[in-house]
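The values are calculated or read from the model by the stated rules, or taken from the named source; none is laboratory data. All figures in this text were calculated on a predicted structure; none of them were measured in a lab. Here the Cβ positions follow ideal geometry from the backbone for every residue, glycine too, while neighbour counts run over all protein chains shown. Remember, those area values only see protein heavy atoms, side chains included, never the ligands or the DNA or RNA. Shrake-Rupley method; radii C 1.70, N 1.55, O 1.52, S 1.80 Å.
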Amino acid sequence: SHPLLCPPGIKCGGVLSAPSGNFSSPNFPGLYPYETECTWLIVVAEGSSVLLSFSHFELEYHDTCAYDYLQVYNGAARDRGNLLGTFCGHRSPPPFSSAWHVMAVVFRSDRHVAKHGFAAAYRKDACGGQLTGLSGEITSPRYPESYPNDAECRWSIGGASSGGPLTLVFADFQMEGGQGCGFDYVALFDGPTIAAPHLGRYCGSARPPRTISSTPHLLIVFKSDFNIGGRGFKAHFYSAGECQEVFTTIKGNFSSPQYPNFYPNNLKCQWSIQLPPGYRVKVFFLDMELEGRSSLTGGCDYDHLSAFDGGTENGSLLGRWCGRESLAPVTSRSNRLLLVLHTDRNTAKRGFSISYVGVVPMNVSCTRTDFHIQIPVQSLAQLERNRIYLGTPSCAAQVVGRNFKIHTRFDTCGTESQRRNNTSVIVSTLYIDFSVGDQEDIHQYEVQCEPKRKEASVTLIAGPDPSRLSQAENLVDAQQWEGEATDAREIKSQDTSDIVFISICILAGLLMVIAVVGLVLL
């Protein structure tokens with residue numbers, strides 16, 4: 001039989017701007033035509049949202065929906081960051097609530113196997129619905145104007161690819177109060193239905209506490225009675241896992257949600273790195289492609305990644321990046337660093353891949369003949385002293401007071417003489433072995449001494465992934481640590497033999513001056 005081709009003039013796609021309406025696949029309820037592509041753009045008044053639901057759904061099935069499919073976008077179509085889902089087969093998509101006043105639906109069929117298609121309805125300012133993104137915003141009807149009486153809304157959040165717990169944070173909250181919250185209220189459930197465990201019921205003007213679900217689903221129910229209203233509420237949700245992580249290990253790596261595929265729009269994701277006191281955090285940007293700079297301001301006004309020192313957004317800003325850039329590593333000044341990704345409503349890109357390593361606090365100094373290395377024991381409290389060695393395992397650290405110490409001569413412990421920038425330097429490698437079981441994890445620092453000037457420096461040469469680090473970064477420039485060591489911005493030391501030698505020279509000079517003066521007087 002010949003394929004059914006879309007007849008000329010058949011209604012397929014278009015702009016839907018009425019407050020509510022219905023649309024369906026071509027020929028519905030008959031078989032849809034082959035090789036058809038339709039796009040419906042639903043546009044309602046700015047400040048409103050769209051609730052989309054399906055009453056019938058039957059498309060050709062494929063496990064990845066590669067043949068016939070229907071896609072729902074939270075905004076304009078063709079922006080992969082707005083994609084809420086791709087559907088096929090017989091299972092109807094859930095009701096979708098848009099994050100803003102535009103929603104798009106794309107239907108596509110190939111040249112084989114036609115089914116009956118779908119029928120859908122939409123309406124504006126309907127509250128509630130299914131929310132599946134990694135993060136999003138929920139507001140009461142008409143917010144920030146007073147919400148209507150006799151309203152009931154249910155938002156079911158879940159189904160994000162990360163499958164992690166959900167966090168809900170209220171940015172604003174003002175509703176009718178009352179003991180037991182029996183009049184107007186917001187109720188939270190730890191699952192997709194009201195049969196799930198109850199997480200809280202709130203009313204009045206006090207903002208509810210931050211709520212974290214124990215499952216990948218969260219149900220929010222808003223109810224108002226026949227009188228007395230309020231401004232309502234505004235809340236933000238995000239999925240833990242891909243979008244909200246805390247790292248406490250000495251090294252690690254992470255990437256933007258769905259990397260290397262396009263990240264979603266409307267995100268605010270946070271990655272917090274928290275290391276022991278004395279450490280600093282060094283971040284390496286292995287790959288980054290975000291939406292580019294604003295052509296008007298030249299700034300990162302759309303999608304951007306920011307780094308904050310100290311672990312909160314109140315800390316000092318270490319950098320704010322966007323576009324496609326090759327970035328130099330960034331080092332914190334404290335033991336905590338926070339990275340925040342903001343994405344707006346459109347134009348998603350590949351995202352980023354990042355690795356980090358904790359810079360061990362240490363003091364390295366040298367004389368004309370020796371290296372002196374000190375590391376506070378509390379910084380490597382879980383390690384035995386033989387896990388810290390210079391050059392070879394036989395040159396392991398000793399525990400002296402509250403420090404690991406290595407004191408060794410240049411002619412031992414794998415040290416070698418090199419010429420760098422026409423200067424003779426003594427070089428060795430400090431190994432710190434964090435390995436656990438079969439997981440090898442050895443960090444390497446190059447220690448260097450310029451004997452003539454008795455100046456030492458230390459450089460991380462193997463941390464998160466040596467093959468990805470094109471050049472070693474000098475770590476001395478901002479190194480600070482607590483204990484007996486001084487600030488290591490410029491590490492210099494002199495041994496006592498040098499001081500004695502200089503003192504003898506000065507004394508001899510004075511005696512010669514006295515002798516000459518005495519001869520002249522005679």
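Think of region 244-359 as a dipole: +1 on every Lys or Arg Cβ, -1 on every Asp or Glu Cβ, centred on the Cα centre; then among 302, 343, 247, 247 lies furthest on the positive end.
Solvent exposure of region 49-156, expressed per residue, is 42 Å² of accessible area, with all protein chains present and a 1.4 angstrom probe. A Förster radius of 51 Å, combined with the Cβ-Cβ distance separating residue 383 from residue 236, puts the computed FRET efficiency at roughly 0.80. This model, with +1 at the C-beta of Lys and Arg and -1 at the C-beta of Asp and Glu, gives region 13-125 a dipole about its Cα centre of some 140 debye. Accessible area per residue (1.4 Å probe, heavy atoms of protein chains only) ranks 225, 184 as 225, 184, with the largest value leading.
For region 331-352, the residues whose backbone nitrogen is under 14 Å from a point 7 Å from the Cα of residue 261, taken along Cα to Cβ, are 349-351.
Quote the charge dipole size of region 244-359 about the Cα centre in Debye, to the nearest 20; the model charges only the Cβ of Lys and Arg (+1) and of Asp and Glu (-1).
For this selection, approximately 260 debye.
For region 244-359, the share of accessible area belonging to carbon and sulfur comes to 45 percent (1.4 Å probe, ligands and nucleic acids excluded). Taking the Cα centre of region 363-467 as reference, the dipole from Cβ charges on Lys and Arg (+1) and Asp and Glu (-1) amounts to some 660 debye. Normalised by the number of residues in region 130-235, the mean separation of alpha-carbon contacts (under 8 Å, six or more apart) gives a relative contact order of 43 percent. Could you tally the net charge around residue 69, taking each other residue with its Cβ under 13 Å from the Cβ of residue 69, Lys/Arg +1 and Asp/Glu -1? The answer is -3.
Placing pseudo-labels 7 Å out from each Cα toward the beta carbon at residue 416 and residue 110 gives an inter-label distance of 5.9 nm.
Of the listed pairs 124/223; 282/405; 234/282, which have alpha-carbon separations greater than 28 Å here? Too far apart for the 28 Å limit: 234/282. Residues of region 412-435 with backbone nitrogen within less than 14 Å of a virtual label 7 Å along the Cα-to-Cβ line of residue 369, please, listed as ranges. Counting backbone N atoms under 14 Å from the label point, the list is 412. Shape class of region 27-183 from the Cα gyration tensor (axes a ≥ b ≥ c, square roots of the eigenvalues): prolate, since a/c reaches 1.5 or more and a/b is larger than b/c.
Compute the FRET efficiency between residue 407 and residue 325 as 1/(1 + (r/R0)^6), taking r as their Cβ-Cβ distance and R0 = 45 Å, and round to the nearest 0.05.
Given R0 = 45 Å and the Cβ-Cβ separation, E is 0.55.
Taken along the Cα-to-beta-carbon direction at a fixed 7 Å, the label points for residue 344 and residue 169 span 2.1 nm.
Of the residues 434, 391, 406, the one whose Cα sits farthest towards the positive end of the charge dipole of region 373-444 is 406 (charges of +1 on Lys and Arg Cβ, -1 on Asp and Glu Cβ, taken about the Cα centre).
Going by accessible surface with a 1.4 Å probe and the largest first, 457, 332 read 457, 332. Please check which bits of region 433-451 a label hung off residue 423 would reach, taking the label as a point 7 Å along Cα-to-C-beta and the cut-off as backbone N under 13 Å. Counting only backbone N, you get 448-451.
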